[in-house]
Amino acid sequence: MFVRKRPLVKALLIFPLMALPMVGWAKNTAPAGQAASVCAGSVADSGVLLTQATSLIAEVDQQWQDLFSTWMTEMGAYLQASSWPEIHPQARQAKVPVIMYHDVLPRKYVSWDVTPRELEEHFELIKRNGLTPISLAQLMTHLQTGLPLPEKPIVLTFDDGYEGHYTYVFDLMKRYNYPAVFSIYTKGVGVNTGDASAIEQRRGRPHLSWEHLKEMVANPLVEIASHSVTHPLDLRKMTDEQVRRELKDSKETLESKLGISIEYFVYPVGKNDERIRRLVREAGYKGALVMHEDAAEEQLAGESDNLLAVGRWGQSRFREAITKAWGGPPLPKASRTGSFNFNEPIQLKRQTIDRIPLIMASGGRPVTIHAKTRYQVQEILDKYINRKAIAGVAGGFFSLEFLDSNQMIGPVLGQNSGKFIPGRKDDNVFLTNRPLVLIGPRSVKFVPFNHEKHNTLEGIRAEMPDVTDAFVAAAWLVRNGQPQPAEAFGRLFDYNAERHRTFWGISKDRQPNVGVTTEMVDSVRLGKILERAGLQDAVMLDSGASTSLAYRGESLVGYTPRPVPHVVALAPPEAVADCKVANNQSVR
Ligand SMILES: [Zn+2]
């Protein structure tokens with residue numbers, strides 16, 4: 001074994017130089033007169049060694065690309081931060097509960113007091129349920145840039161600077177290594193210190209001293225926010241000048257006494273309005289937390305108006321909050337070359353944006369199938385690509401003339417047949433400037449259809465030399481990252497009607513996506529929704545009664561859709577290897 005190792009290593013070193021151009025050649029070449037397809041090219045004959053060498057290079061290259069892409073993604077998030085104080089659309093999808101506590105002490109005097117034992121139970125639940133407490137600074141960065149958070153984030157905040165925050169909370173935080181935010185009103189610091197009888201005698205509650213606070217801020221788990229000077233019951237009832245003093249003096253006192261910078265404000269009793277938010281902004285705060293006396297109004301961080309009014313949940317809803325916590329979707333990966341990414345596993349995602357539920361599958365590589373007649377989408381996937389395609393939706397528009405017809409409106413090239421079928425002249429003229437979808441082994445293009453240029457194989461090859469699939473879609477919903485306005489739909493039938501809609505497109509991270517809405521929606525609103533869902537380009541497919549999405553052998557719409565002859569599907573990258581099987585079964 002040892003003896004054989006060396007030549008192999010040598011071969012691996014020499015092969016890379018030869019292997020790359022050969023593989024490039026194999027991928028680029030298709031038999032003359034036939035469109036290249038997922039099932040056409042194969043490198044199987046090139047030998048095991050070549051395969052090993054190339055996969056080694058691919059792996060190393062992939063690692064560099066991943067590293068670069070992660071870095072670009074995070075840098076990109078900072079560069080594309082929302083304009084302060086707006087919340088980034090990506091952060092709107094996450095669900096981060098910010099929990100509000102008040103005093104922590106062994107005996108409860110009011111319903112919102114929490115005992116050290118109850119707090120420890122909460123900390124234990126955080127641990128057991130896999131939540132990660134994050135700092136307020138981390139939350140604010142996330143809200144502004146959309147940068148991802150841990151899977152289940154939560155923020156812990158303690159208001160009013162009670163002594164129990166030092167005696168019980170600080171101790172517990174250190175034990176669990178959880179960060180927390182303490183909001184302090186400066187007039188309260190050092191009041192009734194250590195005097196537990198104060199509560200019984202109705203003289204107030206023991207508060208933190210400056211010494212406590214100094215010891216606490218020396219620990220990086222502790223963040224301090226200003227909670228005003230005097231804790232007024234309603235800032236809105238004060239003059240600008242009075243509010244300014246509450247905001248500025250508290251900030252300056254905390255900064256000078258504790259030697260830290262104070263960047264966040266917590267509204268006393270949550271009271272704020274546009275004027276107060278403006279004054280908070282003018283006083284130099286980077287963000288502010290609210291509270292609601294009515295639990296029904298409480299918001300998760302991403303639901304807040306903006307960074308000057310970030311919502312919190314009272315601790316009485318702690319158990320509900322921990323079931324909600326979600327760090328949001330990963331950032332779309334930045335691409336170095338703008339090249340497409342057809343190598344990701346296929347995943348299904350259900351989400352609701354602007355009250356419209358979407359089911360979308362992403363990943364894999366796009367494939368279209370033009371069947372001999374009309375079937376359910378899943379039947380087409382079964383018959384034509386042998387279940388290799390994991391997800392598929394109803395494709396382009398077809399003639400409704402004959403029940404068994406597979407005549408499409410406009411030209412079509414299905415990857416299953418590799419056969420280009422021109423569109424009928426009288427249909428074609430109506431398709432001018434609709435999106436002509438072109439798919440190749442490594443790319444996708446949407447170009448405005450021109451019936452003089454695009455009704456022959458040569459014509460579409462002039463747009464994309466290695467084209468494997470083509471058809472004309474109904475309309476752009478999102479084009480170059482822009483949701484399309486009503487004018488863009490021209491005279492498209494029923495574009496402004498509320499219908500179930502089918503779509504497919506390319507997301508900002510360059511992966512293919514297919515999907516449907518499970519509620520009725522008009523096309524303009526759908527475009528806005530899909531842009532928020534992360535699509536860079538999306539086109540509408542046959543919708544209404546044809547709307548269907550099949551995923552892993554199952555139809556995911558709750559009705560039986562109209563059978564269709566054309567499907568846009570996602571095939572896993574590794575499907576290439578089994579193409580022979582697929583080809584043999586494709587013609588019936
Ligand atoms: Zn308070």
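The values are calculated or read from the model by the stated rules, or taken from the named source; none is laboratory data. Worth saying up front: this structure is predicted, and the values here are computed from it rather than measured. Neighbour counts are summed over all protein chains in view; Cβ atoms, including those assigned to glycine, are modelled from backbone coordinates with ideal geometry.
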* Yes/no for residue 272 being in the same structural domain as residue 286 (by TED's automatic domain parsing), touching a His at 6+ places or on another chain (Cβ under 8 Å), surrounded by 15 or more Cβ atoms within 10 Å (Cβ to Cβ) and not in a helix (DSSP H, G or I) -> no
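Out of curiosity, is residue 523 of a type in the set (Ser, Thr, Tyr) and within 21 Å of residue 340 (Cβ to Cβ)?
Details: of a type in the set (Ser, Thr, Tyr): yes; within 21 Å of residue 340 (Cβ to Cβ): no.
So residue 523 does not fit the description; no.
Quick one: would you say residue 446 is under 27 Å from the mean Cα position of the chain (by Cα), surrounded by 19 or more Cβ atoms within 10 Å (Cβ to Cβ), assigned by TED's automatic domain parsing to the domain that holds residue 546 and more than 19 Å from residue 391 (Cβ to Cβ)?
On the way: under 27 Å from the mean Cα position of the chain (by Cα): yes; surrounded by 19 or more Cβ atoms within 10 Å (Cβ to Cβ): yes; assigned by TED's automatic domain parsing to the domain that holds residue 546: yes; more than 19 Å from residue 391 (Cβ to Cβ): yes.
Judged against the criteria, residue 446 is a match.
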Note on the range 517-564: residues under 29 Å from residue 89 (Cβ atoms), assigned to a loop (DSSP other than H, G, I, E, B) and among the β-branched types (Val, Ile, Thr) are 518, 547, 557
- Restrict the check to the range 185-199 and report whether at least one residue is over 41 Å from the mean Cα position of the chain (by Cα), over 21 Å from residue 250 (Cβ atoms), in contact (Cβ under 8 Å) with a residue 40 or more places away in the chain and not in a loop (DSSP other than H, G, I, E, B). yes
If you go through 204, 190, 161, the only one that is small (Gly, Ala, Ser) and away from the ligand (no atom under 14 Å from the Cβ) is 190
| task | Return yes when residue 423 is in a loop (DSSP other than H, G, I, E, B), touching a His at 6+ places or on another chain (Cβ under 8 Å) and of a type outside the set (Ser, Thr, Tyr) and no when it is not. | result | yes
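Looking at 110, 181, 155, 96 in this structure, which one is more than 16 Å from the ligand (Cβ to nearest atom), assigned by TED's automatic domain parsing to the domain that holds residue 302 and under 20 Å from residue 269 (Cα atoms)?
Working: 110 fails: more than 16 Å from the ligand (Cβ to nearest atom); 181 fails: more than 16 Å from the ligand (Cβ to nearest atom); 96 fails: under 20 Å from residue 269 (Cα atoms).
Residue meeting the stated conditions: 155.
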Is the range 279-291 home to any residue that is touching a residue at least 60 places away in the same chain (Cβ under 8 Å), farther than 16 Å from residue 158 by Cβ and out of contact with any helix residue (DSSP H, G or I) (no Cβ under 9 Å at 6 or more places or on another chain)?
yes
Of the residues in the range 258-269, those that are within 14 Å of the ligand (Cβ to nearest atom) and either in a loop (DSSP other than H, G, I, E, B) or at pLDDT below 95 (or both) number 1
Taking the stated definitions as given, is residue 113 buried (at least 19 other Cβ atoms within 10 Å of the Cβ) and free of Cβ contacts under 8 Å to residues at least 12 places away in the same chain?
yes
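Filter the range 275-297 down to residues that are at pLDDT below 95 and not in a helix (DSSP H, G or I) and give me whichever is farthest from residue 233 (Cα to Cα). First the steps, then the outcome.
From the range 275-297, those at pLDDT below 95 are 292-297; that's our starting set.
With not in a helix (DSSP H, G or I) added as a condition, the list becomes 292-294.
Details: 292: 13, 293: 13, 294: 16 Å.
In this case the residue turns out to be 294.
In the range 270-289, what residues are of a type in the set (Gly, Ala, Ser) and away from the ligand (no atom under 16 Å from the Cβ)? Outline the logic, then answer.
Here is the first cut: in the range 270-289, the ones of a type in the set (Gly, Ala, Ser) are 270, 283-284, 287-288.
Selection gives 283, 284, 287.
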Among (1) assigned to a helix (DSSP H, G or I); (2) under 25 Å from residue 340 (Cα atoms), residue 567 falls short only on (1)
Considering residues that are surrounded by fewer than 18 Cβ atoms within 10 Å (Cβ to Cβ) and either away from the ligand (no atom under 16 Å from the Cβ) or part of a helix (DSSP H, G or I) (or both), the number found within the range 218-257 is 18
